[in-house]
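The values are calculated or read from the model by the stated rules, or taken from the named source; none is laboratory data. Please read these numbers as outputs of a predicted model, since none were measured by experiment. Quick reminder, even Gly has a Cβ in these numbers, built from the backbone with ideal geometry, and neighbours come from all protein chains shown. Side chains are part of the model used for accessible areas, which takes the heavy atoms of the whole protein and leaves out ligands, DNA and RNA. Shrake-Rupley method; radii C 1.70, N 1.55, O 1.52, S 1.80 Å.
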Amino acid sequence: MEQDIEELSFEAGLRELEAIVARLESGDTPLEEAIRLYERGSVLRARCAERLDVAQARIEAIRLGPDGKPAGVQPFAAG
């Protein structure tokens, strides 16, 4: 029985998503099962992306003052 996606840790969700991709890429999965796997994989991908966004929002970067010493923190800005 599959675990509820909301209960999976990020790492467990990512492992399951990787396993789904491998099964779909193998080409050996019957159509109905492939559709079910694709749908679950789509939800897993969205959930993992959401968790990454939350984690990124929590990360703070150390801001340095003019003297090069730590002067505080600011939200992390990727890119």
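When both residues are 6+ apart or on different chains and their Cβ atoms are under 8 Å apart, which pairs have a first residue that lies in the range 56-70 and is over 30 Å from F10 (Cα atoms), and a second that is open to solvent by less than 80 Å² (accessible area, probe 1.4 Å)? Going by the 8 Å Cβ cut-off, the qualifying pairs are L64/A71; G65/A71.
Candidates in the range 1-29 are the residues that are within 13 Å of G41 (Cα to Cα) and small (G, A, S); of these, the one that is surrounded by the most Cβ atoms within 10 Å (Cβ to Cβ) is G13.
Looking across the range 58-79 at every residue that is at pLDDT 70 or above and in a loop (DSSP other than H, G, I, E, B), the one that is surrounded by the most Cβ atoms within 10 Å (Cβ to Cβ) is identified as I59.
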